[in-house]
Amino acid sequence: MMYRKRLVHAPGSDGSECHAVTLVELENGALLCAWYAETSARSRETALYGAALPSGAEDWIPYGTLKDMPSLSAGNPVLFLDGGGRLWLFYVTLFGDRWDTCQVRYTHSHDAGKTWSTPTILHADWGWMTGSKPLLRPDGAILLPLYSVQGLAFVMRSEDGGKVWRPSSRIETEPGVIQPTLVPLDNGRLLMYLRRKAPHDEVLWQATSDDEGCTWSALVRTRLPDPKARIDLVRLSDGRLALALRDTTQGAAPLTLALSEDEGAAWPCRRNVETDAGEDTSPALIQSRDGLLHLVYTCQRTQIAHITCDIEWIREHDG
């Protein structure tokens with residue numbers, strides 16, 4: 001069994017906050033992490049920052065600022081490596097003080113995030129949000145989940161390497177859905193988990209697609225608790241699904257890794273990663289090419305933690 005915890009980002013001396021972390025494995029085996037943070041505790045502006053963990057290294061190395069837009073804030077970064085070796089950074093730019101003033105943009109890099117292309121607007125309408133990593137489909141299509149502050153969700157699809165993007169059908173219900181995350185199933189279908197905006201809704205909801213994310217089914221309740229925070233899904237190399245979520249409907253703990261062997265119908269194998277009462281939110285989960293799971297998340301919005309483990313570590317303690 002294998003388990004290790006380390007910090008990606010520790011609290012700054014100025015007391016500034018950080019949030020909404022994302023993670024990707026680069027072609028050279030290094031891990032790259034990004035998040036948004038206040039430029040200082042005295043400033044309401046935010047920028048995107050990053051850190052790298054080279055293959056075989058013990059500690060994360062600060063990358064500095066990935067995207068800073070003077071006088072405007074940036075948030076909700078999403079890192080993605082496409083089939084051609086390009087590293088993408090999706091994010092939102094805020095033109096005001098609220099999320100309903102944000103606009104989705106992207107940029108890409110050919111040198112592992114050291115330099116970036118000129119930003120491009122992906123979705124011009126204000127109020128749409130990034131949050132979860134895209135899926136790269138076998139035919140090369142890229143599927144990026146988005147949602148709005150009003151409570152609508154859909155998938156932006158590109159079939160030409162990101163030159164043209166088209167929206168899927170919208171997923172909506174009263175009082176609204178947010179923060180979708182996607183995973184492919186064994187039968188070719190796609191599974192999406194979402195949260196409803198209802199303050200007292202106690203479960204997550206799901207939708208499925210039979211046509212590569214172009215259209216989506218009606219929403220169905222799951223048996224998973226709604227943690228009032230973002231979740232993340234990944235399909236493992238052995239076919240199982242892994243899920244990172246706060247396994248509770250009350251409070252901020254525990255933060256849990258769960259496994260499903262039946263395409264998400266049940267999640268009987270669960271292991272708590274964090275049990276402290278502090279806020280542990282915004283998890284991002286990936287499996288690296290060596291089969292290990294990597295989970296990053298924010299703790300009390302002041303630091304970012306990184307858990308590395310194998311499947312056996314999760315299965316050792318069920319629940």
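Looking at (1) farther than 15 Å from residue 303 by Cα; (2) of a type outside the set (Val, Ile, Thr); (3) part of a strand (DSSP E or B); (4) more than 16 Å from the chain's Cα centre (by Cα), which is the one condition that is false for residue 80?
Only one criterion is unmet by residue 80, namely (4).
For the range 280-305, enumerate the residues that are over 14 Å from the mean Cα position of the chain (by Cα), assigned to a strand (DSSP E or B) and within 12 Å of residue 3 (Cβ to Cβ).
293
Only one of (1) at pLDDT 95 or above; (2) open to solvent by less than 20 Å² (accessible area, probe 1.4 Å) is not met by residue 235, so which one is it?
Residue 235 satisfies every listed condition except (2).
Would you check which residues across the range 51-67 are assigned to a strand (DSSP E or B) and either among the charged types (D, E, K, R) or touching a Lys or Arg at 6+ places or on another chain (Cβ under 9 Å) (or both) and list them?
Matches in the range 51-67: 53, 63, 67.
Tell me whether the range 278-287 contains one or more residues that are at pLDDT below 90, open to solvent by less than 50 Å² (accessible area, probe 1.4 Å) and touching a Cys at 6+ places or on another chain (Cβ under 7 Å).
yes
So which of 99, 116 is surrounded by fewer than 17 Cβ atoms within 10 Å (Cβ to Cβ) and within 20 Å of residue 284 (Cβ to Cβ)?
Only one candidate qualifies: 99.
Restricting to the range 189-228, give me the number of residues that are open to solvent by 50 Å² or more (accessible area, probe 1.4 Å) and within 17 Å of the chain's Cα centre (by Cα).
1
Has the range 253-268 got any residue that is charged (D, E, K, R), without any contact (Cβ under 8 Å) to a residue 24 or more places away in the chain and either closer than 23 Å to residue 78 by Cα or open to solvent by 20 Å² or more (accessible area, probe 1.4 Å) (or both)?
yes
Within the range 82-96, which residues are open to solvent by 40 Å² or more (accessible area, probe 1.4 Å) and among the aromatic types (Phe, Trp, Tyr)?
Selection gives 95 alone.
Tell me yes or no: at least one residue of the range 88-105 is within 19 Å of residue 166 (Cβ to Cβ), part of a loop (DSSP other than H, G, I, E, B) and within 17 Å of the chain's Cα centre (by Cα).
No, the range 88-105 contains no residue that is within 19 Å of residue 166 (Cβ to Cβ), part of a loop (DSSP other than H, G, I, E, B) and within 17 Å of the chain's Cα centre (by Cα).
Given the conditions (1) farther than 30 Å from residue 159 by Cβ; (2) surrounded by fewer than 22 Cβ atoms within 10 Å (Cβ to Cβ), and given that residue 49 satisfies all but one, which numbered condition is not satisfied?
The single condition residue 49 does not satisfy is (2).
Would the range 240-256 turn up any residue that is of a type outside the set (Val, Ile, Thr), part of a loop (DSSP other than H, G, I, E, B), modelled with pLDDT of 95 or more and at negative phi?
Yes, some residue in the range 240-256 is of a type outside the set (Val, Ile, Thr), part of a loop (DSSP other than H, G, I, E, B), modelled with pLDDT of 95 or more and at negative phi.
So which residues in the range 148-163 are under 14 Å from residue 99 (Cβ atoms), part of a strand (DSSP E or B) and open to solvent by 20 Å² or more (accessible area, probe 1.4 Å), if there are any at all?
Answer for the range 148-163, where residues must be under 14 Å from residue 99 (Cβ atoms), part of a strand (DSSP E or B) and open to solvent by 20 Å² or more (accessible area, probe 1.4 Å): just 152.
Go through (1) out of contact with any Phe, Trp or Tyr (no Cβ under 6 Å at 6 or more places or on another chain); (2) not in a strand (DSSP E or B) for residue 313 and report which single condition fails.
Unmet condition: (1).
Within the range 68-75, can one find any residue that is part of a loop (DSSP other than H, G, I, E, B), of a type in the set (Asp, Glu), in contact with a strand residue (DSSP E or B) (Cβ under 8 Å, 6 or more places away or on another chain) and open to solvent by 50 Å² or more (accessible area, probe 1.4 Å)?
Yes, the range 68-75 contains a residue that is part of a loop (DSSP other than H, G, I, E, B), of a type in the set (Asp, Glu), in contact with a strand residue (DSSP E or B) (Cβ under 8 Å, 6 or more places away or on another chain) and open to solvent by 50 Å² or more (accessible area, probe 1.4 Å).
Among the listed residues 176, 162, which satisfies the condition of being farther than 29 Å from residue 239 by Cα, in contact (Cβ under 8 Å) with a residue 12 or more places away in the chain and among the small types (Gly, Ala, Ser)?
Matching residue, one of 176, 162: 176.
The values are calculated or read from the model by the stated rules, or taken from the named source; none is laboratory data. Since the model is a prediction, treat every value here as computed from it, not as a measurement. Because the Cβ atoms are built from the backbone with ideal geometry, glycine has one as well, and the counts that use them run over all protein chains shown. All accessible areas refer to the heavy atoms of the entire protein, side chains included, with ligands and DNA or RNA removed. Shrake-Rupley method; radii C 1.70, N 1.55, O 1.52, S 1.80 Å.
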